[in-house]
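*Asks:* Sharing a structure here in structure tokens format.
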Amino acid sequence: MLWYETEGPDEDVFVSTRVRLARNLIDYPFEPRLSEAGAKEIIEKAKSALAEKEGYTFVDFAKVEDTEKQSLVEKHLVSPEFARKSTPCAVIENEKKQVYVMICEEDHLRIQCIRSGFDPHGALSAAREADAAIDTSLQVAFDEELGYLTHCPTNLGTGLRISVMLFLPALTITGRIKSIQGQLSKIGLTVRGTTGEGSAAKGCLYQFSNCVTQGVTEEEILSNLREAAGSIARAERETRTQLLENNEDALRDRVMRALGTMRSAYMVGTEELYRLYADVRMGIAMGICNEIAYTQLDSLLIRCMPATVTIQAGNVLSAPQRDKLRAQILRTSMQPVKK
Amino acid sequence: MKCTKCNAKEATVFYRENINGKETKYALCGDCAAAMEKETGNLFADPFGGNLLGSLFSGIPQKIQPRKEEKKCSLCGATFRQLAENGKVGCPACYNSFREELAPTLKRLHGTAVHRGRAPEKFQAKRSAMEKLASLEQELKKAIETEAYEEAAKLRDQIRALRGQ
């Protein structure tokens, strides 16, 4: 099962937790100095270290269709940069453990684990398992003083980046999110939009992650993040209560209108989908529409993304055709359950 | 709007520079912009490309002429200048080849330049031996201070044995 199809801790505020470990092999340069032959050797080495282990499957990314690659980006399983690559690259995945190792991304190996809700500990443990297998069979670039050596110095040391996707409608509506973003940067955390660096926060979804990777232990990174996540979740929940106390009718109207659109509209674009998603998800969190589960809504958002919709159609779609199919998926999935 | 540099021609190039939070705005005419680009070499650098991070690398003056014998990385052949331009290293060995040159940048990025996190298994054993040594040395210091010489002699033997390994 994919991460968004499973329930996770504290789903009212946290959509997902993603852990990434950057690892590199000694004796191989980074792009653009890495030759095609070198990239293929790295892929073979990673394959011998991991793909034969139980639960891991090798995917040659050169053979994957572009729409499929884009759909993997929409599911947050690979990075957009990785999907755009034209040089040899591969993925070794363990769907059960939700671990995806990108080979020949910016770093030679990027071990990712993505889990539903707030689960940094679970995600890190799963990623470490793949890390240990790589560690024992390959010569990983490590320096006693500097730690794990990475292509970009910003990832040096632990090579660990934990990114949490938060759903913050109340802090967005009240504008409090801006001051929180400022405070986070002071404690070494960075806030980004929904789809990564430089992107806007759609659907009241924000990604925040650690900036510092060196001079701290993995546990310290995790606990710093846990503390910050706890404070944000508290602020969001308090603000939700206040909003509901002061504007219940208006909020109910907003949520039910969004739900109505999802259940009846004939064409829905991606931008509108994000708005509807945010309103209905807020409705679940505020107890306005209890018949819908977070998992149902989160997986619907991903299933309705452009490339993923196209794959479901089985052929290339124009934008209006996609909007029509998206609305159809929404109508079918959001009908009230008959009791 | 007139060019802010020559104050004569019409400004056609608008450029904003942000160095460590200090923002400077330029409105330049074509000639002044070309002159400035020649001077700094990166007026039109992609703000999201390597150059943004490249500016983090310190110790490389703006207008150095490439020397004949520039130091190169032992594995990939990259120079520190190339690292600074890209904001990224050429290969893992670059960190060793340019250890001194990179130190200020790493300190600025991470606050400290010493790794405290996990290490591959083969490094773990060495690391625990180092930690044990540090703790024994601490105990030895304390033993000498409290004039517990018998204990100090035992500790000294242990330290010698550990160092001899």
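*Asks:* From the list A:Glu272, A:Glu227, exactly one residue is in a helix (DSSP H, G or I), without any contact (Cβ under 8 Å) to a residue 40 or more places away in the chain, in the same structural domain as A:Ile162 (by TED's automatic domain parsing) and among the acidic types (Asp, Glu). Which is it?
*Replies:* Answer to the check: A:Glu227.
*Asks:* Given the structure, is A:Phe61 of a type in the set (Phe, Trp, Tyr) and either away from chain B (no Cβ under 14 Å) or open to solvent by 30 Å² or more (accessible area, probe 1.4 Å) (or both)?
*Replies:* Yes: the conditions hold for A:Phe61.
*Asks:* Here is a further query. Inside the range A:287-306, can you point out the residues that are assigned to a helix (DSSP H, G or I) and in contact with a Gly (Cβ under 8 Å, 6 or more places away or on another chain)?
*Replies:* Result: A:Leu301, single match.
*Asks:* Kindly indicate whether any position in the range A:200-209 is at pLDDT 90 or above, open to solvent by less than 20 Å² (accessible area, probe 1.4 Å) and within 13 Å of chain B (Cβ to nearest Cβ).
*Replies:* no
*Asks:* Next up: Scan the range A:111-149 for residues that are at the interface with chain B (Cβ under 8 Å from one of its Cβ atoms) and either in a loop (DSSP other than H, G, I, E, B) or at positive phi (or both) and report the count.
*Replies:* 6
*Asks:* Give the range B:88-114 a look and list any residue that's within 9 Å of chain A (Cβ to nearest Cβ) and modelled with pLDDT of 90 or more, or say none.
*Replies:* B:Lys88, B:Val89, B:Gly90, B:Cys91, B:Pro92, B:Ala93, B:Cys94, B:Tyr95, B:Asn96, B:Arg99, B:Leu102 - these are the residues of the range B:88-114 that are within 9 Å of chain A (Cβ to nearest Cβ) and modelled with pLDDT of 90 or more.
*Asks:* Right, next: Yes or no: A:Lys40 surrounded by fewer than 17 Cβ atoms within 10 Å (Cβ to Cβ) and in contact with a helix residue (DSSP H, G or I) (Cβ under 9 Å, 6 or more places away or on another chain)?
*Replies:* No.
*Asks:* With the structure loaded, tell me whether B:Ala152 is modelled with pLDDT of 90 or more, surrounded by 15 or more Cβ atoms within 10 Å (Cβ to Cβ) and either assigned to a loop (DSSP other than H, G, I, E, B) or away from every other protein chain (no Cβ under 14 Å) (or both) or whether it fails that test.
*Replies:* Yes.
The values are calculated or read from the model by the stated rules, or taken from the named source; none is laboratory data. Predicted model, so just to flag it, every value in this text is computed and none were measured. So basically every Cβ, Gly included, is an ideal-geometry build from the backbone, and we count neighbours across all protein chains shown. Accessible surface is based on the protein model in full, side chains and every heavy atom, while ligands, DNA and RNA are left aside. Shrake-Rupley method; radii C 1.70, N 1.55, O 1.52, S 1.80 Å.
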